[in-house]
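Below is one structure; the comments refer to it alone.
The values are calculated or read from the model by the stated rules, or taken from the named source; none is laboratory data. On a predicted model such as this, the values are computed, not experimentally measured, just so you know. Cβ placement follows ideal geometry from the backbone for every residue including glycine, while neighbour counts extend to all protein chains displayed.
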Amino acid sequence: MSAFWQTKRLQEMSREEWESLCDRCGKCCLHKLENETDGLVYYTDVACRLLDTETGQCRDYAHRHRHVPDCLTLDPAALEAFDWLPSTCAYRRLHEGRGLPDWHPLVSGDPDSVRRAGHSVAGRCVHEGPDVDPETRIVIWPE
Ligand code: SF4
């Protein structure tokens with residue numbers, strides 16, 4: 001029997017299915033820089049202040065907008081606007097018809113498979129702050 005992410009379009013998924021697609025890599029919680037000339041987006045290793053840099057998880061996901069009002073909510077109807085998501089992101093992968101990788105927890109059955117495959121930011125990022133300049137901290141995260 002096929003899994004829901006193989007048979008349903010993103011717009012057809014239930015809230016629970018949609019939320020379960022997030023592999024919790026934490027990459028979308030990193031600061032990004034956009035080149036004004038060519039529009040290319042560069043990732044850094046500088047994290048949102050609400051991210052736990054050791055676990056790579058949001059410290060208050062349910063109430064994150066109270067702490068960080070401009071934190072974006074992914075919307076299935078507006079995925080075209082989320083081309084800044086990392087190429088490994090499950091939402092972007094499915095939107096582009098690339099399926100889920102074998103390290104995704106829904107495929108592996110193991111939440112830690114993301115970290116083992118090198119796709120979690122846990123322990124690999126720092127918090128924003130006056131001494132941390134994102135422009136000097138551009139990182140190429142693994143594809
Ligand atoms: S980049 Fe995508 S898969 Fe990773 S934490 Fe963000 S929404 Fe979830």
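Here's the yes/no breakdown for (1) under 14 Å from Ala122 (Cβ atoms); (2) at pLDDT 95 or above:
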residue: Asp23; (1), (2): yes, yes
residue: Asn35; (1), (2): no, no
residue: Leu40; (1), (2): no, no
residue: Ala47; (1), (2): yes, yes
residue: Leu50; (1), (2): no, yes
residue: Glu54; (1), (2): yes, yes
residue: Arg59; (1), (2): yes, yes
residue: Ala62; (1), (2): no, no
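So, Pro101, is that one farther than 26 Å from Val132 by Cα and either buried (at least 16 other Cβ atoms within 10 Å of the Cβ) or touching a Ser or Thr at 6+ places or on another chain (Cβ under 6 Å) (or both) or not? Yes, satisfied. Out of Thr37, Thr73, Thr44, one residue alone is farther than 26 Å from Gln6 by Cβ, hydroxyl-bearing (Ser, Thr, Tyr) and out of contact with any Lys or Arg (no Cβ under 8 Å at 6 or more places or on another chain). It is Thr37. Note on the range 103-116: residues that are touching a helix residue (DSSP H, G or I) at 6+ places or on another chain (Cβ under 9 Å) and in a loop (DSSP other than H, G, I, E, B) amount to 5. Kindly indicate whether any position in the range 76-85 is within 13 Å of the ligand (Cβ to nearest atom), modelled with pLDDT of 95 or more and more than 23 Å from Glu135 (Cα to Cα). Looking through the range 76-85, none of the residues is within 13 Å of the ligand (Cβ to nearest atom), modelled with pLDDT of 95 or more and more than 23 Å from Glu135 (Cα to Cα). In summary, Val121 fulfils each of the numbered conditions (1) surrounded by 12 or more Cβ atoms within 10 Å (Cβ to Cβ); (2) out of contact with any Leu (no Cβ under 8 Å at 6 or more places or on another chain); (3) outside any helix (DSSP H, G or I) with the single exception of condition (2).
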